[in-house]
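Only one structure is covered here, and it is reproduced in the block below.
What follows is calculated from the coordinates using simple rules that are stated; it is not laboratory data. Being a predicted model, the structure only gives us computed values, none of them experimental. Here the Cβ is made from the backbone with ideal geometry for all residues, glycine too, and neighbour counts use every protein chain on show.
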Amino acid sequence: MDWLRAIGTWLEQYVISVPLYIAAPAMVLIGALDSSLLSLPEINDYLVVGRCYKYPHAVFYFPLFAAAGSVLGCWLLYSIMRRGGQALLRKRFKPESIQRVERAYARFGFLAIAVPAILPPPLPFKIFVATAGTLEYPRWKFLTTVMLARSFRYYVEGILAVFYGRRVILFMKDNGLVILSLVAAVALVGLLIYVVVNRRRTDSVRTAAQTGESEN
């Protein structure tokens, strides 16, 4: 859509070229709107990459503004859905998509939020946020996970932008499947480590309890 492209171009110039005291709140606002009420595909990534490419020192702090805006927007959508969003969820998304996300939450827990939050566009993220609210996923655990995951994503993009410029966005578009596979593999390894460590801890507690009962 031409009007959406025009808005994106205007926002890019407004955030990338202006002083930080204007760019920072603008980035937070854009991130919040994109993660809640509007859909501005890839605009956050473009703005972070563009700002860090033009001002390399911005890589140390600017990704945090994008992450903070995303957290605010996710918190708003999460809160709306938590207060009775079942009907809205099923109206907005396909039933099979909702079921897949619900199974992901049941099986992977916080990774069902962290992995989609890290992955670059065009992977949809709002359905994971909306489902987290509907399922009443713990609020602070949800917000912390989103903040850490988004910060990681934007910092990686910012660092790459310092060295490779705007080609970072094109690379993510052209190699989205490769990135998805790598992140999924890392997430799977992390999940396996978590399961093994948690199982050993449970076995240790159980053994200690049994030992105590035998002594008594």
Next item on the list: Just order 59-69, 136-146, 29-39 by mean Cβ neighbour count inside 10 Å, highest at the front, would you?
Entry: 59-69, 29-39, 136-146
Check: With Cβ to Cβ distances under 11 Å as the rule, what net charge do the other residues near ALA112 carry (K, R +1; D, E -1)?
Finding: +2
